[in-house]
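Below is one structure, written out as structure tokens; comments come after it.
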Amino acid sequence: MQKDIHPKGYKPVVFKDMSNGYAFLSRSTASSKETVKWEDGNEYPLIKLEISNTSHPFFTGKNVLVDTAGRIEKFRKRYEKKK
């Protein structure tokens with residue numbers, strides 16, 4: 001195994017699924033300017049997720065169309081045939 005290939009500086013970070021409000025505390029090297037007060041009373045950096053295991057169709061068993069910020073319309077507009 002190669003030495004010193006993993007990042008240093010893991011810190012507690014809150015990840016929040018913006019589609020359903022589910023949040024969890026984990027360790028990450030990701031940084032954010034936004035913070036959130038967690039259940040233990042401490043403030044942690046907040047990383048916003050578009051989709052997580054609580055809202056992904058594979059894990060929920062529901063076939064749900066997740067359209068954040070009009071991505072489907074952007075795709076259709078970009079790739080529609082020009083007349």
Go through region 1-53 residue by residue and tally those that are part of a strand (DSSP E or B) and among the aliphatic types (A, V, I, L, M).
-> 8
Pick from region 68-83, criterion in a loop (DSSP other than H, G, I, E, B) and surrounded by fewer than 10 Cβ atoms within 10 Å (Cβ to Cβ), ranking: modelled with the lowest pLDDT = Lys83
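Determine, yes or no, whether Lys37 is at pLDDT 60 or above and out of contact with any strand residue (DSSP E or B) (no Cβ under 8 Å at 6 or more places or on another chain).
Working: at pLDDT 60 or above: yes; out of contact with any strand residue (DSSP E or B) (no Cβ under 8 Å at 6 or more places or on another chain): no.
No; evaluated as a whole, the condition is false for this residue.
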Restricting attention to region 1-20, report how many residues are among the hydrophobic types (A, V, I, L, M, F, W, C) and at pLDDT 85 or above.
-> 4
Among the residues of region 1-36, write down those that are surrounded by fewer than 11 Cβ atoms within 10 Å (Cβ to Cβ), more than 30 Å from Gly70 (Cβ to Cβ) and among the basic types (Lys, Arg).
-> Lys3, Lys8, Arg27
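The values are calculated or read from the model by the stated rules, or taken from the named source; none is laboratory data. Predicted, not measured: the structure shown is a model, and the values here were computed from it. Cβ atoms come from the backbone with ideal geometry, glycine included; neighbour counts cover every protein chain shown.
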